[in-house]
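First up is the structure itself, then whatever we jot down about it.
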Amino acid sequence: MSSTSLVLYVDSQYASPYALSAFVSLHEKALAFDIQTLDLAANVQNEPDFAAKSLTRRVPTLIHDGFALSESSAIAEYIDEVFPGTPLYPKEPQSRARARQVQAWLRSDLAPIKQERSTEVIFYGVKKPPLSPEAKKAAEKLFSAAELLLASNTENLFGQWSIADVDLALILHRLILNGDPVPDKLVAYAKHQWERPSVQLWVNQQRPAL
């Protein structure tokens, strides 16, 4: 592994939930990697140099020995298949499929929560106005699904940690850290996930001022 070259491109504010997921995946595997930051507000992701590396021109993008891969769930699956160490996904096929389902759902749904509770709430302590009716409905949907997923577990979705736990904890923290009402069980779950050392490494990154 000593000759392996790994570079992770992330946003310069360290606020992307998807960059967080890829960052945690690499740290859970105890891999050495370099970080390159991109100022998304300045549209750097569309400049020729990065566009030639990343098919989607988005962060995160991982470069592994010249192979470039973007989209955080694809990065996590690739890292889990290529490198030994802490499993990022459950071994049991149905649980592994469910973890991937959770990741896909959190990335493609619940837009009102993401729009009204940006990750600036989490990483910059910004406070937002009360949720709209649409966002409240999305939150109810999130809570219902999370409580079903955690019905037989209290600390992790599938009995042991997976990268899907980080993704779920993050969207819950969008609400928790703004002071929105969240069921106690889900608050305890999200706080437990947030204490994981690999997550705290991201939380404690030095960020530029807004």
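Output yes when any residue across segment 92-110 is assigned to a loop (DSSP other than H, G, I, E, B), under 21 Å from VAL24 (Cα atoms) and either within 15 Å of the chain's Cα centre (by Cα) or polar (S, T, N, Q) (or both), and no when none is. For segment 92-110, residues assigned to a loop (DSSP other than H, G, I, E, B), under 21 Å from VAL24 (Cα atoms) and either within 15 Å of the chain's Cα centre (by Cα) or polar (S, T, N, Q) (or both): absent.
Any idea which residue in segment 154-194 is least open to solvent (accessible area, probe 1.4 Å), counting only those that are in contact (Cβ under 8 Å) with a residue 24 or more places away in the chain and of a type in the set (D, E, K, R)? Taking the candidates together, the pick is ASP165.
When LEU55, LEU88, LEU142 are screened for being part of a loop (DSSP other than H, G, I, E, B) and open to solvent by less than 30 Å² (accessible area, probe 1.4 Å), only LEU88 passes.
Residues in segment 54-61: is at least one touching a Pro at 6+ places or on another chain (Cβ under 8 Å) and under 25 Å from GLN101 (Cβ atoms)? No - not one qualifying residue is present in segment 54-61. Scanning segment 62-85 for residues that are outside any helix (DSSP H, G or I) and either open to solvent by 50 Å² or more (accessible area, probe 1.4 Å) or small (Gly, Ala, Ser) (or both) turns up ASP65, GLY66, PHE67, ALA68, SER70, GLU71, PRO84, GLY85. Filtered by the rule that a residue be more than 22 Å from VAL199 (Cβ to Cβ) and either open to solvent by less than 40 Å² (accessible area, probe 1.4 Å) or among the acidic types (Asp, Glu) (or both), segment 123-138 gives LEU131, SER132, GLU134, ALA135, ALA138. For SER118, the stated conditions do not hold, so it cannot be described as out of contact with any strand residue (DSSP E or B) (no Cβ under 7 Å at 6 or more places or on another chain), open to solvent by 20 Å² or more (accessible area, probe 1.4 Å) and assigned to a helix (DSSP H, G or I). Just one of the numbered conditions (1) among the hydrophobic types (A, V, I, L, M, F, W, C); (2) open to solvent by less than 50 Å² (accessible area, probe 1.4 Å); (3) not in a strand (DSSP E or B) is not true of ALA151: (2).
Within segment 118-126, the presence of at least one residue that is over 28 Å from PHE50 (Cβ atoms), in contact (Cβ under 8 Å) with a residue 12 or more places away in the chain and not polar (S, T, N, Q) is confirmed. When we screen LEU20, LEU8, LEU31 for residues that are assigned to a loop (DSSP other than H, G, I, E, B), open to solvent by less than 40 Å² (accessible area, probe 1.4 Å) and under 20 Å from SER198 (Cβ atoms), the only hit is LEU31.
Checked against (1) open to solvent by 50 Å² or more (accessible area, probe 1.4 Å); (2) modelled with pLDDT of 95 or more; (3) not β-branched (Val, Ile, Thr), MET1 passes all but condition (2).
The number of residues in segment 198-210 being more than 14 Å from LEU88 (Cα to Cα), touching a residue at least 40 places away in the same chain (Cβ under 8 Å) and assigned to a helix (DSSP H, G or I) comes to 3.
The values are calculated or read from the model by the stated rules, or taken from the named source; none is laboratory data. Given the structure is predicted, the values throughout are model-derived calculations rather than measurements. Because the Cβ atoms are built from the backbone with ideal geometry, glycine has one as well, and the counts that use them run over all protein chains shown. Protein only, heavy atoms only, side chains kept; ligands, DNA and RNA dropped before computing areas. Shrake-Rupley method; radii C 1.70, N 1.55, O 1.52, S 1.80 Å.
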